[in-house]
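Notes follow once the structure below has been shown.
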Amino acid sequence: MPPQTSLVHAQDHAPSPTRTLKRGTRVLEPDVYVARLNGRRAVLKDYRRYRRTPLAPLARLLVRREARNLERLRGWGHAPQPVATTDALVLGMEYIDGQPLGDDMSAVSTDLFQQLRAAVGTLHAAGIAHNDLHRSNILVSGGVPKVVDFAAALAMPGWLARSGFGRQLLRSELAKVVKLQTRLAGTAPSPEDARVLVDPGWVRALRGTWTRLYRGAGGRGWGRRRRTR
């Protein structure tokens with residue numbers, strides 16, 4: 001990964017949006033829009049509706065956290081570059097002119113998935129798990145996969161990445177790429193891919209225990225609405 005550098009503070013207030021990409025409807029979900037910043041298009045994640053509310057500190061924390069994640073990837077060719085922070089409650093990043101993976105099937109190819117696998121491998125080698133890797137967060141721009149939305153990304157120290165928990169995070173993320181390639185490119189998983197798709201024993205045991213507890217709770221009426229007379 002390239003060395004970390006600080007974000008550029010371009011201006012004090014967020015510019016007016018030219019195109020809205022997403023309206024935040026859930027708690028601590030930002031408005032996301034395209035705006036012109038220093039003469040270039042940028043994507044802004046805007047939490048300003050939480051200003052002067054009890055949630056403002058959490059919103060600022062989310063901005064700082066994603067900004068740090070993008071800073072770790074500055075100069076990497078498969079993520080948006082952090083072009084500006086315009087406000088403590090607004091995160092700015094490079095606008096990527098692309099389409100979500102699979103929207104244009106003519107852009108889906110073995111080469112594209114080889115690039116994506118290499119990109120995810122680079123993230124994992126640096127101890128970074130994206131944690132929200134699905135096709136809407138993978139844009140195809142000029143034949144190159146670009147991974148976006150690093151709000152949930154986790155940069156793990158070496159000991160955590162090597163732990164069972166860390167290995168499971170990275171394995172499950174690679175499994176998502178294998179499944180996407182199988183579904184979109186029609187490529188059958190290799191024997192190595194097939195091993196990636198199999199959950200380790202402790203994960204299967206944990207899932208089985210949870211399923212039994214959940215079914216048992218349902219059988220005893222836990223969580224069900226009390227019948228009114």
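Each value in this text was obtained by applying a stated rule to the coordinates, not by laboratory testing. If you're wondering where the values come from, they're calculated on a predicted model, not measured in any experiment. Neighbour counts run over all protein chains shown; Cβ positions are idealised from the backbone, glycine included.
Worth pointing out:
- Estimated distance in nm for a label pair at Gln99 and Arg49, the labels positioned 7 Å out from Cα along Cα-to-Cβ: 3.0
- Read-out Rg and Dmax of the Cα atoms in Å, derived from the coordinates shown; its label in [x] 30.3, 115; [y] 20.5, 67; [z] 21.1, 62: [y]
- Packing, taken as the mean count of other beta carbons within 10 Å per residue, orders the peptides 111-118, 138-145 from highest to lowest as 138-145, 111-118.
- Between Asn38 and Gln114, the distance separating the two model label sites (each 7 Å from Cα on the Cα→Cβ line) works out to 3.6 nm.
- Extension gain, Trp159 to Leu21: 0.36 nm times the residue separation minus the Cα-Cα distance gives 45.9 nm.
- Between Leu58 and Ala126, the modelled label-to-label distance comes to 2.9 nm, taking each label 7 Å out from Cα in the direction of the beta carbon.
- Here the 3J(HN,Hα) profile of the stretch 47-55, calculated from phi with Karplus coefficients 6.51, -1.76 and 1.60 at θ = phi - 60°, is 10, 5, 5, 8, 4, 6, 10, x, 8 Hz, Gly and Pro shown as x.
- Over 22 Å [Cα-Cα, the stretch 99-205], rounded percent: 31
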